[in-house]
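Below is one structure; the comments refer to it alone.
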Amino acid sequence: MISPVLYWVRRDFRLADNPALCAAAASGRPVIPVFILDEVAERHGACPKWRLGLGAEAFARSLEGLGSRLIFRRGRAMDVLDELLDETNAESVVWTRAYDPDSVARDTAVKAALKARSIGADSHKGHVLFEPWDVKTGQGGLYRVYTPFWKAVKDREIAGPLAAPDHLAPPASWPKSDDPAAWNLALAMDRGAEVVAQHLCVGEAAARDRLDAFIQTRIDLYKARRDYPADGATSRLSENLTYGEISPRLCWHAGQRAMAEGRAGAEHFLREIVWREFAYHLVFHTPEITTRNWREGWDSFPWNRDATTPDVRRWREGRTGIRFVDAAMREMYVTGHMHNRARMIVGSFLTKHLMSHWKIGLDWFADCLADWDPASNAMGWQWVAGSGPDAAPYFRVFNPETQLEKFDADGAYARAWIAEGQSEPPKTASDDFRAVPLAWDLDALAAYPEPVITVAAGRKRALAAYEARDF
Ligand code: FAD
């Protein structure tokens, strides 16, 4: 009997352009796809963990269309793989590489343990366009600044996407599987999962539709309107890219075709795709970016590190009394997504006006974002705080009031998310009160709060601390 190959599914929930899956299919062996809710996934925040499970369930349905299945298990990755190797007599394991520190530590240990068992361990590229070690400066080091990174990669030849396999040979008998519904990952949301679910776009087919719709109808607006949060001019593909429901290569080639057709926003879209690559480059070469100030001088900066202060609580709840900040925080809570400009505004407000450590914001985003990505989130927070490699200088304090006037001139974004003061608030705004935990004890009839700090006073305090720094 031919021994099967285990295809370890992680954040690559797609059939098309999936090199690890193609390698498993091309092995000529029966393929057993397995998803493990492992030690890395267990540490995810509530929303990304729940969304991960939804993505895995959708992928299971896609695999069934190929005559296959997805085996669900929960436990330490190597323990589960060991069990499955014993149960199935598989002689090799294939997977798509990951680059964040937790995944790298897990995968390095798994690879060594498999080799010690004389089991084949075969990892593939698929989550990024460029392996972090394949992009080097003239001196052979890492890039610390985005623009030279973009210049180094933008003209590289990128192979076309791989077709989906049309069949996966099943094993003679399937190992047992958990029922992922019984994991009840929505419970950990501690909030209205059914509210957030209305805004998700789960699975490979939905991701492809999203890319197609963006290219057909919005890419021309992208350059001019992508900074206006009420316009919906961006692709929203971050949710799907993070779970591998679409490959960066498919997005890249779609953007290249649009550029060849002379579509206005195409190059800007490609540049944004490369920001994601840059984040993976940074996180792989400097994994401490996820946990520590990238520029160590910031270690002595007098940031508040207490996530439980009333100011920070009001920031999390979207009750700072600053409309752009509150609209954005509520958007994230209700939809699992926040517009990029809004991420910069709330990040600046937390780290500057509220003088609170970026790690508090990073952790909250990691709990609430359906598109949570360990690399982009860390790079984004260190950028906004001024402590990162290619960072906005600390003295660049976004003014959330003038930003709102500029990027939400007709007030559509604020109205969409802030119910207070509206006699008939839209569903999005009232949904915030359905989504938040009861423990927050919020009153839908309460008046809109006074500012936690005025924009001018917060700016003055932040700049004074910056002037007094000793680095
Ligand atoms: P589009 O504008 O359509 O861009 C296309 C794709 O390019 C995105 O889907 C994304 O994959 C990539 N991209 C765009 N902007 C960036 C960027 N600044 N950095 C890295 N990749 C980018 N992005 C995440 O995917 N996950 C996160 O957890 C995350 N956290 C962030 C935290 C902060 C504080 C900041 C400032 C930014 C963060 N970003 C994060 C980056 C960015 O906000 C989102 O990628 C973007 O808003 C996603 O919306 P979109 O798919 O419509 O983007």
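The values are calculated or read from the model by the stated rules, or taken from the named source; none is laboratory data. As the structure is a prediction and not an experimental result, all values here were calculated from the model. Every residue, glycine among them, receives a Cβ derived from its backbone with ideal geometry; neighbour counts consider all protein chains shown. All accessible areas refer to the heavy atoms of the entire protein, side chains included, with ligands and DNA or RNA removed. Shrake-Rupley method; radii C 1.70, N 1.55, O 1.52, S 1.80 Å.
If I ask for residues that are closer than 30 Å to Ala60 by Cα, free of Cβ contacts under 8 Å to residues at least 40 places away in the same chain and more than 7 Å from the ligand (Cβ to nearest atom), which ones from the stretch 215-239 would you list? Walk me through it before giving the result.
Residues of the stretch 215-239 that are closer than 30 Å to Ala60 by Cα, as a first pass: 215-216, 234-239.
Among the residues that remain, those that are also free of Cβ contacts under 8 Å to residues at least 40 places away in the same chain are: 216, 235, 237.
Result: Gln216, single match.
Pull up the stretch 261-294, narrow it to residues that are under 15 Å from the mean Cα position of the chain (by Cα) and among the charged types (D, E, K, R), then point me to the one that is most open to solvent (accessible area, probe 1.4 Å).
Taking the candidates together, the pick is Glu272.
Being surrounded by fewer than 16 Cβ atoms within 10 Å (Cβ to Cβ), at pLDDT 95 or above and in a loop (DSSP other than H, G, I, E, B) narrows it down to one of Ala163, Ala182, so name that one.
Details: Ala182 fails: in a loop (DSSP other than H, G, I, E, B).
Ala163 is the lone residue from the list that is surrounded by fewer than 16 Cβ atoms within 10 Å (Cβ to Cβ), at pLDDT 95 or above and in a loop (DSSP other than H, G, I, E, B).
Which of (1) acidic (Asp, Glu); (2) within 28 Å of Gly255 (Cβ to Cβ); (3) open to solvent by 60 Å² or more (accessible area, probe 1.4 Å) does Glu131 not meet, given it meets every other one?
(3)
Could you please let me know if Pro302 is open to solvent by 30 Å² or more (accessible area, probe 1.4 Å), in a loop (DSSP other than H, G, I, E, B) and touching a helix residue (DSSP H, G or I) at 6+ places or on another chain (Cβ under 7 Å)? Full working, then the answer.
Details: open to solvent by 30 Å² or more (accessible area, probe 1.4 Å): yes; in a loop (DSSP other than H, G, I, E, B): yes; touching a helix residue (DSSP H, G or I) at 6+ places or on another chain (Cβ under 7 Å): yes.
Yes.
Being of a type in the set (Gly, Ala, Ser) and either over 17 Å from Phe59 (Cβ atoms) or within 11 Å of the ligand (Cβ to nearest atom) (or both): is that true of Gly255 here?
Details: of a type in the set (Gly, Ala, Ser): yes; either over 17 Å from Phe59 (Cβ atoms) or within 11 Å of the ligand (Cβ to nearest atom) (or both): yes.
It is true that Gly255 is of a type in the set (Gly, Ala, Ser) and either over 17 Å from Phe59 (Cβ atoms) or within 11 Å of the ligand (Cβ to nearest atom) (or both).
Within the set of pairs 6 or more residues apart or between chains, which connect a residue that is of a type in the set (Val, Ile, Thr) inside the stretch 368-391 to a residue that is within 6 Å of the ligand (Cβ to nearest atom) with Cβ atoms less than 7 Å apart?
Once the first residue is of a type in the set (Val, Ile, Thr) and sits in the stretch 368-391, its partners that are within 6 Å of the ligand (Cβ to nearest atom) give Val384/Met344; Val384/Gly347.
Here are the criteria: (1) within 16 Å of the ligand (Cβ to nearest atom); (2) open to solvent by 30 Å² or more (accessible area, probe 1.4 Å); (3) part of a loop (DSSP other than H, G, I, E, B). Tell me which single one Phe395 does not satisfy.
That leaves (1) as the condition not met.
Please enumerate the residues belonging to the stretch 200-214 that are touching a helix residue (DSSP H, G or I) at 6+ places or on another chain (Cβ under 7 Å), within 11 Å of the ligand (Cβ to nearest atom) and farther than 23 Å from Pro426 by Cα.
Within the stretch 200-214, the subset touching a helix residue (DSSP H, G or I) at 6+ places or on another chain (Cβ under 7 Å) is 200-204, 207, 210-211.
Next, only the ones that are within 11 Å of the ligand (Cβ to nearest atom) stay: 201, 207, 210-211.
Once the filter is applied, which keeps residues that are touching a helix residue (DSSP H, G or I) at 6+ places or on another chain (Cβ under 7 Å), within 11 Å of the ligand (Cβ to nearest atom) and farther than 23 Å from Pro426 by Cα, the stretch 200-214 yields Ala207, Arg210, Leu211.
Within the stretch 270-287, identify whether any single residue is in a loop (DSSP other than H, G, I, E, B) and modelled with pLDDT of 95 or more, and answer yes or no.
To start, the set of residues in the stretch 270-287 that are in a loop (DSSP other than H, G, I, E, B) comprises 286.
Add one more test, that the residue is modelled with pLDDT of 95 or more, and what stays is 286.
Yes: one or more hits.
On the basis of being aliphatic (A, V, I, L, M), at pLDDT 95 or above, open to solvent by 10 Å² or more (accessible area, probe 1.4 Å) and more than 9 Å from the ligand (Cβ to nearest atom), does Met379 make the cut?
Numbers: aliphatic (A, V, I, L, M): yes; at pLDDT 95 or above: yes; open to solvent by 10 Å² or more (accessible area, probe 1.4 Å): yes; more than 9 Å from the ligand (Cβ to nearest atom): no.
No: the conditions fail for Met379.
Residues checked against (1) touching a strand residue (DSSP E or B) at 6+ places or on another chain (Cβ under 7 Å); (2) near the ligand (Cβ under 8 Å from one of its atoms); (3) closer than 23 Å to Arg469 by Cβ; (4) basic (Lys, Arg):
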{"site": "Arg343", "(1), (2), (3), (4)": "no, yes, no, yes"}
{"site": "Gly347", "(1), (2), (3), (4)": "no, yes, yes, no"}
{"site": "Thr351", "(1), (2), (3), (4)": "no, no, yes, no"}
{"site": "Ser356", "(1), (2), (3), (4)": "yes, no, yes, no"}
{"site": "Gly361", "(1), (2), (3), (4)": "no, yes, yes, no"}
{"site": "Trp364", "(1), (2), (3), (4)": "no, no, no, no"}
{"site": "Ala370", "(1), (2), (3), (4)": "no, no, no, no"}
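Here are Ser103, Ser123: which of them is under 23 Å from the mean Cα position of the chain (by Cα), under 19 Å from Val34 (Cβ atoms), surrounded by fewer than 19 Cβ atoms within 10 Å (Cβ to Cβ) and not charged (D, E, K, R)?
Working: Ser103 fails: surrounded by fewer than 19 Cβ atoms within 10 Å (Cβ to Cβ).
Being under 23 Å from the mean Cα position of the chain (by Cα), under 19 Å from Val34 (Cβ atoms), surrounded by fewer than 19 Cβ atoms within 10 Å (Cβ to Cβ) and not charged (D, E, K, R) holds for just one of Ser103, Ser123, which is Ser123.
Away from the ligand (no atom under 15 Å from the Cβ) and either more than 27 Å from the chain's Cα centre (by Cα) or at pLDDT below 95 (or both), is that true of Asp431?
no
Might you let me know whether the stretch 317-325 holds any residue that is touching a Gly at 6+ places or on another chain (Cβ under 8 Å) and within 23 Å of Gln403 (Cα to Cα)?
So in the stretch 317-325, the residues touching a Gly at 6+ places or on another chain (Cβ under 8 Å) come out as 325.
Right, trim to within 23 Å of Gln403 (Cα to Cα) and you get 325.
Checked against the condition, which is being touching a Gly at 6+ places or on another chain (Cβ under 8 Å) and within 23 Å of Gln403 (Cα to Cα), the stretch 317-325 yields at least one hit.
Specify the residue that is nearest to Pro229 (Cα to Cα); the eligible residues are those in the stretch 416-471 that are open to solvent by 90 Å² or more (accessible area, probe 1.4 Å), touching a Gly at 6+ places or on another chain (Cβ under 9 Å) and not in a helix (DSSP H, G or I).
Glu450
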